[in-house]
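The structure appears right after this line, and notes come after that.
The values are calculated or read from the model by the stated rules, or taken from the named source; none is laboratory data. Source: prediction; values computed, not measured. A quick note on method: Cβ atoms are made from the backbone with ideal geometry, for glycine too, and the neighbour counts reach across all protein chains shown.
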Number of protein chains: 2
Amino acid sequence: MKGILFVLSGPSGTGKGTVCKEVLNREDALTISISATTREKRVGEVDGETYHYVTKDDFEAMIDRGEMLEYATYNGNYYGTPKAGVETLLNEGKDVMLEIEPQGALQVKKLFPEAVLMFLVPPSMSELKNRLVTRGRESAEEIAERINTAKWELEQADKYTVIIENDDFEECVKTVLDYISQKRSDRAAIDRLINEKV
Amino acid sequence: MKGILFVLSGPSGTGKGTVCKEVLNREDALTISISATTREKRVGEVDGETYHYVTKDDFEAMIDRGEMLEYATYNGNYYGTPKAGVETLLNEGKDVMLEIEPQGALQVKKLFPEAVLMFLVPPSMSELKNRLVTRGRESAEEIAERINTAKWELEQADKYTVIIENDDFEECVKTVLDYISQKRSDRAAIDRLINEKV
C-alpha cells in the first residue's frame, strides 16, 4: 500500500509553517520532506531541519538536472522540494507531508494528481494583514504585495482538496489532524474492499 | 462567482443513481445539465430543454474535438454531456450535478480539474454482490464481471476528492448533502476574502 502525499499550503501569513510543525509534533507517522531554499537562514532556523540552505548556483544546477519536484521564486529567493526521497518514501508506504507555497503546491498536483492538497486560509484579509504587520518581517510595500499575491492564490482555491480556516490555532491543528486521519481511514477501507474475496 | 461542478460516481451497485435522485429532490439549487442525443425528437419534446438534438456526424465531431464530458450509446443512438452546456451553467454561478460511471468521472476530472468528485463505496464487496444479485438485472457471470470492474475502479479511489460509504441510505444522502454544503460554504468564504478591501 503506497503512502499518501499530503501538501499543506496557503498564502503567506496564514501560519502554515507553525501549523505544520505542530501537526508533525503530534503525528509520528508522517514524514516530512525538507525543502531547499536560497534565502538566508533566519535566527533559530537549522540547516537540514527548517530548510536545506543552498546557493543560487547549486539550486539552479538541481533544477537543470531535474532534481526538483517543484520550485518557485518568492521575494527573489528559490524555494523547492528535492524530488529524491519523496517517491521513495511513498513507495515504502510512508505518508509524506510537504509544507509549500501555493505556486509549488499546484506544481506538485500536476506530477502527483492523487496528492491531498490542504489549503489554509485566514479568517479575513485584515487579520492576514495584521499577522504580516505583527511578525514584522516585511515593509508596508512588501505587505501590500503579499496581500495581492494572497488574493491571486485564493482564486486558485478550487484546485485544492480541502480548505481549512486558520482562525484559532489549536482548532486548526485539530482539523488538519482529523482530516489526515480521515484520509488514512478511507485508504484502509478501500484497501479492505480491494482485498476482500467474494 | 462560478458554480461548483459536483460529480457523483461509484462502482455499479453502490446506489449512486438512487442517492443522486434523493439529493436532487432535497437540494433545489443543484442543476442537471441538458444532454445531447442523436435520437429523433419525440412529440412534446423541446430542443434545448429535453435534449439537444444533433446529427450523428455532429456528435462524433464533438467527441473528436473533446467537447463531450462523457457519452454512451443506447439503442444505436448517442447520448452525452456537452462540455459547453456545463461551462455555461457554471459561469452563470449555478452548481451542476453529474451522476456518472467511474470511467466517465475520471474523464470529467481531466477536463475540469476543479470538479468535486464524490466516490460512493459499498460497506463490503459481499454486500455489493448481494445488491447486484437482489436487483436481478445481471447473470451470475455478469455480476462476477461487475465485481472485477468494481475492484479496478476502487484502485482509482485516490483520484476522487472524497470517499463516501453507502451503508445506510439515509445517512449516505445526508453525508452527500452535508459535503455539498461544506463546499459551498468554503467557496463563499474564499469569495469573501478575495473581495475584502484591506
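Observations on the structure shown:
- Restricting A:Val176, A:Val116 to those that are more than 12 Å from chain B (Cβ to nearest Cβ), in contact with a strand residue (DSSP E or B) (Cβ under 9 Å, 6 or more places away or on another chain) and touching a residue at least 12 places away in the same chain (Cβ under 8 Å) reduces the list to A:Val176.
- Within the stretch B:143-167, the set of residues being within 15 Å of the chain's Cα centre (by Cα) and either of a type in the set (Val, Ile, Thr) or on the phi > 0 side of the Ramachandran plot (or both) comprises B:Thr161, B:Val162, B:Ile163, B:Ile164.
- If only residues of the stretch B:124-143 that are more than 9 Å from chain A (Cβ to nearest Cβ) and surrounded by 14 or more Cβ atoms within 10 Å (Cβ to Cβ) are counted, the one that is nearest to A:Ala189 (Cα to Cα) is B:Glu127.
- Pick from the stretch A:17-40, criterion within 21 Å of A:Glu87 (Cα to Cα) and either among the acidic types (Asp, Glu) or in a helix (DSSP H, G or I) (or both), ranking: modelled with the lowest pLDDT: A:Asp28
- For B:Asp95, the requirement of being touching a helix residue (DSSP H, G or I) at 6+ places or on another chain (Cβ under 9 Å) and not polar (S, T, N, Q) is met.
- The stretch A:63-106, subset at pLDDT 90 or above and at positive phi, residue surrounded by the most Cβ atoms within 10 Å (Cβ to Cβ): A:Gly93
- A Cβ distance below 8 Å, combined with a sequence gap of six or more or placement on separate chains, defines the contacts here; from the stretch A:18-45, residues that are closer than 24 Å to A:Glu67 by Cα reach residues that are at pLDDT below 90 and assigned to a helix (DSSP H, G or I) in the pairs A:Thr31/A:Leu89; A:Ser33/A:Leu89.
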